Number of protein chains: 2
Amino acid sequence: MVRRACLVAALPFLMLSGTTSRAQASHGARAANPTVWIDRYREPAARLIGEAVGSTFAWHRLAVLTDTIGNRLSGSPALDRAIQWAVGEMKRDGLENVHTERVMVPRWVRGAESAEIVTPLQQPLMMLGLGDSVGTPSDGLRADVVIVHSFEELDAKASQARGRIVLFNVPFTTYGETVRFRSTGPARAARHGAVAALVRAVGPPGLRTPHTGALQYASDAPKIPAAAIATEDADLLQRIADRGERVTLRLKMDAHFEADVESANVVGEIRGREKPEEIVVVSGHLDSWDVGAGATDDGGGCIVTWEALRLMRKLNLRPRRTVRVVLWTNEENGGRGGQGYRDQHRAELGRHVLMLESDGGVFRPLGFGFTGSDSARDTVRTIATLLSGIAADQITVGGGGADIGPSVQEAHIPAMSLDVDGSKYFLIHHTPADTIDKIDPVEMAKCAAAVAVMSYVVADLPERL
Amino acid sequence: MVRRACLVAALPFLMLSGTTSRAQASHGARAANPTVWIDRYREPAARLIGEAVGSTFAWHRLAVLTDTIGNRLSGSPALDRAIQWAVGEMKRDGLENVHTERVMVPRWVRGAESAEIVTPLQQPLMMLGLGDSVGTPSDGLRADVVIVHSFEELDAKASQARGRIVLFNVPFTTYGETVRFRSTGPARAARHGAVAALVRAVGPPGLRTPHTGALQYASDAPKIPAAAIATEDADLLQRIADRGERVTLRLKMDAHFEADVESANVVGEIRGREKPEEIVVVSGHLDSWDVGAGATDDGGGCIVTWEALRLMRKLNLRPRRTVRVVLWTNEENGGRGGQGYRDQHRAELGRHVLMLESDGGVFRPLGFGFTGSDSARDTVRTIATLLSGIAADQITVGGGGADIGPSVQEAHIPAMSLDVDGSKYFLIHHTPADTIDKIDPVEMAKCAAAVAVMSYVVADLPERL
């Protein structure tokens, strides 16, 4: 999951997977304005970039994760296996202080689920229950549909919602615009007495592809079952309703929570040579949804940030400060990993120089989003010039991530996110199609190079960022 | 289904559905060379085109078919409903001699089905059983996989195939190139003692999207169960095998045949004003696979060819000869509709002037493929100049269709197929994503216009084609 609104460029990609044409953005516009201090980083930056893009190591490591461990929902045995695998691999890489940090996580179980039109024409809908949803009665529920296209329309149709299934049929524009119907729509429908909620898949039109994702119930509304349906199915229900016909659906979901179980963040470090107590965190989340391998969300983010440390170790580059990789647990449905880190590291949060999260896919890197002081941004911008050769030198305003959020907010830590070409991301986001074949090994290597250079230089600066 | 090899242009479209950019092919290259006789058809052609593209009637009729009747596999009650619906609508349109022509069709039932990796990692594969496949034993079958990439490799690995599941992992290039692994691969694997066959989906990479379609067993090989798996899953199995790991799968399919049932071709006509016994047939097939609404394959082909007659009726254009629309039954898994027509109309096949089938989707029309004498092709080329205004004036060598095939071959009837931009077709072909939202109403109207003009003029020519 990503929390930030992200424009999805209208660049389809399905035919191009693996051979994406790499149209390079123009980077000649900004006049070079190098300061003297950056020059000393040209040589290590070139080595990091060269080592990263000289192989497809990162892609193949991700393939091992997604192929041999697979889907990794919080609380699942597969996530446990992924955690143990990461610890072993980090040690093999020669990272330091490799360990896990225990947090309790929810265990949501999807169970069997289905949705179908009962009248006017019996046919199945392509659906995925929303994460953290309650289930239906064991024999399902059956109700008429009322379709709305905004929260205002829902309020206006409040009397029609009672006893019905509310469908939020809002075409995807940006994630930030449309995800709210998934996250808060069910609670809003429940307030008006709806018995269930459906949401048009939060993603561009696919191939009958629903997208799951977490919902948030409200304390003042009943918990009702909720699911996403494919855009094609939402269109179908809309056409039937537009013909003036009554639409009755059956929804059956066995979704439920089991007791919280133990999980962990995975931590590894390159200890700083002069100020090891000052820390640069780079990170991704290791958990995924239960329906996909989580190659882009967020296996790739884990591997490319971890790669930053592996590359430093391999090249014997030890910065002044400590670079720490954290592979978070439970980003998708709870955020317990990020909260646990904040609580367990409270004493040293003030010595966190920068926290970076990669959770928008590992497609062609563009640069970084950054939140911090103006002077820090100037420094980061200068560092980014080292990435102009791989066209990853843009610094945009606003960086962060769901997992670094709790620490960043508590201690006002500068925050950064890896920015990539987002045109593919939301087509496969939270679906079974989030598989590694959608990721180009060379683009992924560039992502690792960008994170490695940025984190190394920030960790090595004479003065703290 | 289409039988002809069709290059799939590398034009992705998912983001564009409904708003496809209509880059027009260049049509200025061919020098205009009008003959006198064609001039008399300019006015009726203009009226037919204007009436067709002046509304979205065809698209909405297709929506009614796919939304209110839905999937229409041969032998299903839904196909019966579609047949009755078409008869009623044709009569309402004012077509003449509207009736059904009985044929017996097979009734294949998919039943429950699943495939999963058992080792090295338990996980589900996205699969669709192939049409006409036998089922597995009721508790499924479990076997190791042997992966091949050609029939030659299968023969070379014959000893490994015994007792195993053979996966044909051949990336999609063209339908003609790769469909043979679906159609004859299972029989070839069975000859070497395989217990089941899987085929990489016959279509470009989608979103974890398997494609079904018919297989053909051989009389000299056992019938083994066979299914398609998504390209992503084929890639996954390949990566695991490439790591030297043994891959064991479980396959469970309840597929079976029930007794043949009665079905029918639907026929309607505009009777010729001078030579009603001479006939121009335009056609599409009304049956679809069981997993999709069959909007492009071939609901659209039915509607646009039927439209040709509705438009003539509406404009009071009655050609010299009879124009007959036939909506075929059982194209997908048997061809009984086309065979039945040949048998039932044998006495009048010699008076069939032209048979046209539209079964490649109703996307942006390009023109027609044509099989016939050189002089007939010259005539058809001249008629096609009437379609230059909608850029549908190309006549390519080779036209036909699965349903018109039996009659065409028996009586050497000139044969024609509607040619369209094929870039979208095989991405949704034989999948649940074959839905009407993939079809642009304006492009579809142009398809109807092209068929109407071509069939009207051929039927009205002073001399037989």
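Throughout, read-outs are computed from the coordinates displayed, never taken from laboratory work. Being a predicted model, the structure only gives us computed values, none of them experimental. For neighbour counting, all protein chains shown are included, and Cβ atoms are generated from backbone atoms with ideal geometry for every residue, glycine included.
Of note:
- Kirkwood-based shape ratio for segment A:48-165, expressed as Rg/Rh from alpha carbons: 1.18
- Distance in nm between pseudo-label sites at B:Thr173 and B:Val261 (7 Å out along the Cβ direction from Cα): 4.1 nm
- Summed side-chain charge close to B:Pro120 - residues other than B:Pro120 whose Cβ falls under 15 Å, Lys, Arg +1, Asp, Glu -1: 0
- Residue-count net charge about B:Ala433 - beta-carbon cut-off 14 Å; Lys, Arg +1, Asp, Glu -1: -2
- Normalised contact order of chain B, rounded percent, pairs of Cα under 8 Å and 6 or more residues apart: 23 percent
- Helix A:77-93 axis, angle to chain A major axis (alpha carbon atoms, nearest 10°): 10 degrees
- On Cα atoms only, tilt of A:231-242 relative to the major axis of chain A in degrees: 30 degrees
- DSSP bridge analysis restricted to segment B:248-330 gives an antiparallel fraction near 40%, rounded to the nearest 5.
- Cα gyration tensor shape for the protein assembly as shown, rounded if a/c is under 1.5, else prolate or oblate: prolate
- Sum of -39500 (n - 2.57) over DSSP H runs of 4+, divided by residues of the protein assembly as shown (222 nm, nearest 500): -9500 deg cm²/dmol
- Calculated from backbone phi, Karplus (6.51, -1.76, 1.60) coupling profile of segment A:363-370 in Hz, x at Gly/Pro: 8, 3, x, 10, x, 9, x, 9
- Copies compared at B:Trp85 - label distances in nm, ascending, label defined 7 Å from Cα in the Cβ direction: 4.7
- In order through segment B:448-460: 3J(HN,Hα) via Karplus (6.51 cos²θ - 1.76 cosθ + 1.60), integer Hz, x for Gly, Pro: 4, 4, 4, 5, 4, 5, 4, 6, 4, 5, 4, 6, 9
- Principal axes of chain A: Cα extent on each, largest first, Å: 71, 47, 39
- Cα centroid separation, segment B:292-334 to segment B:403-452 (Å): 11 Å
- With the label put 7 angstrom out from Cα along the Cα-to-Cβ vector, A:Val109 ends up 3.2 nm from the copy partners, going from closest to farthest.
- Within the same chain, lysines fewer than 8 places from A:Lys157 are excluded, and of the rest, those with a Cα less than 28 Å from its Cα are A:Lys223, A:Lys252.
- If only the Cβ of Lys and Arg carry +1 and only the Cβ of Asp and Glu carry -1, the dipole of segment A:111-254 around its Cα centre is close to 200 debye.
- Where GluC sites (Glu not before Pro) in DSSP loops with at most 15 other Cβ within 10 Å are excluded, longest remaining stretch of chain B: B:1-244
- Debye log10 I(q)/I(0) for segment B:111-254, one point scatterer per Cα, at q = 0.10, 0.12, 0.19, 0.20 Å⁻¹: -0.27, -0.39, -1.09, -1.23
- Residues with amide H under 5 Å from that of A:Ala214, placed H, sequence gap 5 or more: A:Gly131
- Interchain or long-range residues, amide H under 5 Å from A:Val199's placed H: A:Phe168, A:Ala227, A:Ala228, A:Ile229
- Average partner coverage of A:436-446, which counts Cβ from other chains inside 10 Å: 1
- Rounded to the nearest 20 debye, dipole of chain A from Cβ charges on Lys, Arg, Asp, Glu: 360 debye
- Straight-distance candidates among the aspartates and glutamates for linking to A:Lys91, with alpha-carbon spacing under 16 Å and chain neighbours fewer than 8 residues away dropped: A:Glu101, A:Glu269, A:Glu307.
- A simple charge model with +1 on the Cβ of Lys and Arg, -1 on the Cβ of Asp and Glu and nothing else charged puts the dipole of segment B:49-168 at about 260 debye relative to its Cα centre.
- Among beta bridges from DSSP that stay inside chain A, the antiparallel ones total about 55%.
- Between 0 and 90°, nearest 10: helix A:374-384 axis offset from chain A longest Cα axis: 80 degrees
- In sequence order, calculated HN-Hα J values of segment A:243-249 (Karplus, 6.51, -1.76, 1.60; Hz; x Gly/Pro): 7, x, 8, 7, 10, 10, 10
- Prolate/oblate/rounded label for segment A:268-408 (Cα gyration tensor, a/c 1.5): rounded
- Shortest first, A:Ser388 label-point distances to identical copies amount to 5.3 nm, with the label point at 7 Å from Cα along Cα→Cβ.
- Between amide H atoms placed 1.01 Å from N, distances below 5 Å from B:Val98 occur with B:Glu269, all of them 5 or more places distant or on a separate chain.
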